[in-house]
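Inspection log for the structure reproduced underneath, given as structure tokens.
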Amino acid sequence: QVQVVESGGGLVQAGGSLRLSCAASGSTFSINAIGWYRQAPGKQRELVASISSGGSTNYADSVKGRFTISRESAKNTGYLQMNSLKHEDTAVYYCNAVGVEVVGGTVGYLEVWGQGTLVTVSS
């Protein structure tokens, strides 16, 4: 079963930094594009940043200039570098990975969600 696992969340003071990782398990799935989403208590899940297969990036206005999304194909892993964190960045962060799975010569296109990692920013 294809999975992606987020890591890197935790508790940080306002103004601090964290780097989230999103790694695909298994060797059959290759990540092409990644979206990082977050959901704060009582709020809807929102897209924070995305990176396409071609490397194009997009950011929510609230994180522009502070967050950087990247992807390392050799490690089949995506990252979200978060700097100058604010209390309002507190949320569960989810990775959404879109890619290709090749099994026995059959190619499938998958979209996989991670389980989420909690980021808490103390003010």
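Select from segment 26-47 the residues that are outside any loop (DSSP other than H, G, I, E, B), modelled with pLDDT under 95 and not aromatic (Phe, Trp, Tyr) and list them in ascending order. The answer is Ser30, Ile31, Asn32. Residues in segment 25-38 that are open to solvent by 20 Å² or more (accessible area, probe 1.4 Å) and either touching a helix residue (DSSP H, G or I) at 6+ places or on another chain (Cβ under 7 Å) or touching a residue at least 60 places away in the same chain (Cβ under 8 Å) (or both): Thr28, Ser30, Asn32, Ala33.
The requirement of being surrounded by 14 or more Cβ atoms within 10 Å (Cβ to Cβ) and either under 16 Å from Ile31 (Cβ atoms) or at pLDDT 95 or above (or both) is satisfied by Val121.
Hey, any hits in segment 3-23 for a residue that's of a type in the set (Asp, Glu) and surrounded by fewer than 20 Cβ atoms within 10 Å (Cβ to Cβ)? Within segment 3-23 (the criterion being of a type in the set (Asp, Glu) and surrounded by fewer than 20 Cβ atoms within 10 Å (Cβ to Cβ)), the answer is no, since none of the residues qualifies. I'd like the residue in segment 49-64 that is in contact (Cβ under 8 Å) with a residue 24 or more places away in the chain and assigned to a strand (DSSP E or B) and, out of all such residues, is most open to solvent (accessible area, probe 1.4 Å). Out of the qualifying residues, it is Ile51.
With respect to Arg71, determine if the residue is within 11 Å of the chain's Cα centre (by Cα), open to solvent by 40 Å² or more (accessible area, probe 1.4 Å) and of a type in the set (D, E, K, R). For Arg71, the condition - within 11 Å of the chain's Cα centre (by Cα), open to solvent by 40 Å² or more (accessible area, probe 1.4 Å) and of a type in the set (D, E, K, R) - is met. Is one or more of the residues making up segment 90-98 farther than 26 Å from Gly26 by Cα and out of contact with any Ser or Thr (no Cβ under 6 Å at 6 or more places or on another chain)? Within segment 90-98, one or more residues are farther than 26 Å from Gly26 by Cα and out of contact with any Ser or Thr (no Cβ under 6 Å at 6 or more places or on another chain).
The values are calculated or read from the model by the stated rules, or taken from the named source; none is laboratory data. As the structure is a computational prediction, the values presented were derived from the model and not from experiment. Don't worry about glycine lacking a Cβ; one is built from the backbone with ideal geometry, like all the others, and counts go over all protein chains shown. SASA here: full protein model, heavy atoms, side chains in, ligands and nucleic acids out. Shrake-Rupley method; radii C 1.70, N 1.55, O 1.52, S 1.80 Å.
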